[in-house]
Amino acid sequence: MIVSWNWLNEYFDKMPAEAAEIAARLTMSGLNHEESVTVGQDLAIDLEVTSNRPDCLGHLGVAREIAALFGVPLKIPDPLPENGTPPAAAPASSLVQIRIEASDLCSLYTGRVIRSVRVGNSPQWMQDRLKTAGINPVNNIVDCTNYVMLECGQPLHAFDLARLGGPEIIVRQPGASEKITAIDHRQYDLHPGMCVIADSGRAVAIAGVMGGADSEVTVDTQDVLIEAAVFAQQAVRSAARKLNLHSPSSFRFERGVNPYGVDWASRRCCELILQTAGGQLADGAVVAGGLPDPAPAIVLRQQKIANVLGIEIPAENVLGILQRLGIRCEPQSAGILLATPPAWRADLTREIDLVEEVGRITGYNTVPDDVVVPMVATTRTPRSRVAGLVRTVLTGAGFDEAMTPSLVPGVWSEIFSPWTSSPPLQSSQPMLGVLEKASQNIGAVDLARRSLVPSLLEARRINEFRGNIDADLFEMAHAYLPQSAGLPDEPWLVALAGGRTFAEISGIVEKIVRSVCPGVSLTMHDCDLELLHPTFSCEFRIDGQSLGWGGELDESALKNASLKKSAAVAELNVNLLLEHASLIRRQSPVSNFPSVSRDFNFVMGNEIRWEQIEQTVRRAGGELLESVAYRETFRDEKRDGAGRKRILLTVVLRSFAGTLTGEVAEETCAAIVSSCEKELAARLA
């Protein structure tokens, strides 16, 4: 925002300091001073205005900051054009009507009419101030609209009333294939979702962005319609980006304007036009839409200010600062204020915002360096603790964490979707257009992901292409599953993809479950997913609930993913882990007596899974069984027959009561063998 020094002086009886000091104080309060440049007899001061302070995108807003910082009164113009040139006999409502058809895109639209104006050059003082602020003068009508925009931050537009088709202004979305030639004399294609100002036959302006050439003010204009309105920030931002058409008006509408300042801006513009172009002001204004509810009051505690800033600021100083900022204050009790922010400060919504204002105006340089601010460490939530445990296991297993976009192309979305068969939700993200151009065969990147696995496989492919063959990756994030109500279910998932075997992937999943949910039973079941190998894959379940899937990729999947080396993937529902998580670690007693180790070599059917064997052995071993560990699998059809396998396992026995005798150990081993024979149809080799 470039402000004119001469212009700022209009709002004070006497400027409280020199330009350099004021620029320095503004910088310390949040309006960073970029540079000051002499322009003719004026000084152009370039200030960086953050996106949360649209009130400072006008000279009045900057003047308010100066008045608050230096504690001086501010002179704000009170435009009353009716007290100047008498209004025309006909009311404005008889000359124009306004209808809003897109209330979600425009909440308030006002119009005033001035008749019999004389279009020409604006006064030299106005031209000089506009030039200082970086705006080229056009004519006295357009210059007045720009002047008011630079004064209060509210964009306005002037239409040639005679060039509008019909008496009604319609605020609506564009029609199919509708176009407009803007005042830059370039034609633009309009799209649904944009907001346009139209007459009875065509669009005459792109709302909040730029007016149309067909209704612009020229030297032949006699009657003008002055528009002052509030347009939706997102709609203006989207239109400006799609059309690549940015303007000072769109810059301000994108950041938000003060709806309660629309009438002031409209009257101020009419006052200046009457002064510079003459004419007669039609009686009243035509208004469509309405004002929003006033901002709610905020409770501000004096003690909160001291706790946050670390210094005591007298209550009378706090009250003075807030009042100078336009904040209405009502004392409630000792040390408590009820503060209502002004309409132009939409960024003030919480108590901490008011504390920041007090600190900002007081000056952070007044806070001593050795001040101790009381702080209390926060407690980690169960969600963050579960995430930490999962990350610890995966990073310990050699996986690196990845971050991938939430939107994916259709090709990726169809690769793997185990959680739902419903079509993916469609969205849009202009930032991902770069990805669409870089990858010619993937199509539009506009579908909400239903799984994290496809994105990780693409990341692994890119790593392979760049020579990083052993890239093992994981990601913990949300997927988006369509629901009947229209809003997506957003499961919290963790997926991993790497050059591992099915056994390794299963072991990692088992380690995750044991770390997060000790004591919970993890089982593996057959699954039939197109991406995974039919033999080396499974569905993971805990307590009968589906936790996720994992396995090696089959040959066709490797080819479709353009991977050179074999790979395995897994995807788990972290929400289910969170439900069963045991985050309070407890000590387990350790026996002081020696252990006894025994190896078993069982012959059994191929259909028997390890978890069945482990559960059977643990039940049979009872309290004496300390651990059971898988060692190896052998297959020899000549010795054992078709469909049979040998499982080698080791059990460790230990007692807390005393040293195990050989007889007790042999009894326990015999019980294990007997149980395996009965429950698993196994025999000891």
Condition (residue is within 30 Å of residue 389 (Cα to Cα), touching an Asp or Glu at 6+ places or on another chain (Cβ under 6 Å) and either open to solvent by 70 Å² or more (accessible area, probe 1.4 Å) or not polar (S, T, N, Q) (or both)) applied to segment 627-637: is it met by at least one residue?
yes
Going through segment 218-249 one residue at a time, which ones are more than 26 Å from residue 80 (Cβ to Cβ) and touching a residue at least 60 places away in the same chain (Cβ under 8 Å)?
218, 219, 220, 231, 232, 235, 241, 245, 248
Could you pull out every one of the strands (runs of 3 or more DSSP E) wholly within segment 506-605 that has 2 or more residues that are in contact (Cβ under 8 Å) with a residue 40 or more places away in the chain?
522-525, 545-553, 568-573, 596-605
Note on segment 303-324: residues assigned to a helix (DSSP H, G or I) and either under 20 Å from residue 70 (Cα atoms) or in contact with a strand residue (DSSP E or B) (Cβ under 7 Å, 6 or more places away or on another chain) (or both) are 315, 316, 317, 318, 319, 320, 321, 322, 323, 324
Output for segment 658-672, where each listed residue is β-branched (Val, Ile, Thr) and surrounded by 12 or more Cβ atoms within 10 Å (Cβ to Cβ):
659, 664, 668, 672
Residue 241 meets each of (1) basic (Lys, Arg); (2) at pLDDT below 95; (3) within 23 Å of residue 289 (Cβ to Cβ) with one exception, condition (3)
Is there a residue in segment 468-490 that is closer than 24 Å to residue 632 by Cα and surrounded by fewer than 13 Cβ atoms within 10 Å (Cβ to Cβ)?
no
Members of segment 183-202 found to be assigned to a strand (DSSP E or B) and either modelled with pLDDT under 95 or open to solvent by 10 Å² or more (accessible area, probe 1.4 Å) (or both), listed by number
187, 188, 189
Scan of segment 254-284 for residues that are more than 20 Å from residue 221 (Cα to Cα), open to solvent by 10 Å² or more (accessible area, probe 1.4 Å), in a helix (DSSP H, G or I) and not basic (Lys, Arg), ordered by number:
254, 259, 260, 261, 263, 264
Could you tell me how many of the residues in segment 117-137 are free of Cβ contacts under 8 Å to residues at least 24 places away in the same chain and either within 44 Å of the chain's Cα centre (by Cα) or outside any loop (DSSP other than H, G, I, E, B) (or both)?
6
Flag for residue 572 being open to solvent by less than 80 Å² (accessible area, probe 1.4 Å), modelled with pLDDT of 95 or more and among the hydrophobic types (A, V, I, L, M, F, W, C):
yes
Given the condition outside any loop (DSSP other than H, G, I, E, B), of a type in the set (Phe, Trp, Tyr) and buried (at least 17 other Cβ atoms within 10 Å of the Cβ), answer yes or no: does some residue in segment 99-116 qualify?
yes
Is it the case that some residue within segment 373-388 is under 28 Å from residue 30 (Cα atoms), assigned to a loop (DSSP other than H, G, I, E, B) and touching a residue at least 24 places away in the same chain (Cβ under 8 Å)?
yes
Odd one out for residue 642, checked against (1) under 18 Å from residue 523 (Cβ atoms); (2) open to solvent by 60 Å² or more (accessible area, probe 1.4 Å); (3) not in a helix (DSSP H, G or I)
(1)
Pairs needed: first member in segment 395-421, open to solvent by 50 Å² or more (accessible area, probe 1.4 Å); second member anywhere, in a loop (DSSP other than H, G, I, E, B) and of a type in the set (Ser, Thr, Tyr); C-beta distance under 9 Å; at least 6 residues apart or different chains.
415/451; 419/451
Six or more apart or on different chains, Cβ under 8 Å: which pairs go from a residue in segment 1-17 that's under 12 Å from residue 129 (Cα atoms) to one that's crowded, with 20+ Cβ neighbours inside 10 Å and of a type in the set (Lys, Arg)? Could you list them?
4/129; 6/129; 7/129
Of the residues in segment 433-457 that are under 30 Å from residue 547 (Cα atoms) and not aliphatic (A, V, I, L, M), the one that is modelled with the lowest pLDDT is 446
Is it the case, given these coordinates, that residue 167 is open to solvent by 30 Å² or more (accessible area, probe 1.4 Å) and either of a type in the set (Asp, Glu) or over 30 Å from residue 40 (Cα atoms) (or both)?
yes
Which residue out of 173, 187 is polar (S, T, N, Q), farther than 26 Å from residue 277 by Cβ and in contact with a Ser or Thr (Cβ under 8 Å, 6 or more places away or on another chain)?
187
Only one of these conditions is not met by residue 613: (1) of a type in the set (A, V, I, L, M, F, W, C); (2) closer than 23 Å to residue 506 by Cα; (3) surrounded by fewer than 15 Cβ atoms within 10 Å (Cβ to Cβ). Which number is it?
(3)
Among the residues of segment 325-353, how many are under 16 Å from residue 55 (Cα atoms) and outside any loop (DSSP other than H, G, I, E, B)?
1
Pairs, first closer than 22 Å to residue 333 by Cα in segment 286-309, second of a type in the set (Gly, Ala, Ser), C-beta under 6 Å, six or more apart
298/339; 300/339; 302/315; 302/335; 309/359
Residue check for residue 312: open to solvent by 30 Å² or more (accessible area, probe 1.4 Å), under 26 Å from the mean Cα position of the chain (by Cα) and closer than 21 Å to residue 28 by Cα:
no
Only one of 588, 582, 675, 655 is under 30 Å from residue 382 (Cα atoms) and open to solvent by less than 40 Å² (accessible area, probe 1.4 Å). Can you tell me which?
582
Across segment 515-571, what is the total count of residues that are under 36 Å from the mean Cα position of the chain (by Cα), farther than 21 Å from residue 397 by Cα and aliphatic (A, V, I, L, M)?
8
Which members of segment 333-349 meet the condition of being closer than 19 Å to residue 29 by Cβ and not acidic (Asp, Glu)?
339, 341, 342, 344, 345, 346, 348
Kindly indicate which of 62, 37, 3 is part of a strand (DSSP E or B) and surrounded by 14 or more Cβ atoms within 10 Å (Cβ to Cβ).
3
Output the residues belonging to segment 443-467 that are assigned to a helix (DSSP H, G or I), of a type in the set (Lys, Arg) and open to solvent by 10 Å² or more (accessible area, probe 1.4 Å).
461
If I go through segment 325-376 residue by residue, how many of them are among the small types (Gly, Ala, Ser), touching a strand residue (DSSP E or B) at 6+ places or on another chain (Cβ under 8 Å) and surrounded by fewer than 18 Cβ atoms within 10 Å (Cβ to Cβ)?
1
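The values are calculated or read from the model by the stated rules, or taken from the named source; none is laboratory data. Please read these numbers as outputs of a predicted model, since none were measured by experiment. Backbone-built Cβ (ideal geometry, glycine too); neighbour counts: all protein chains shown. Accessible surface areas use protein heavy atoms only, side chains included; no ligands, DNA or RNA. Shrake-Rupley method; radii C 1.70, N 1.55, O 1.52, S 1.80 Å.
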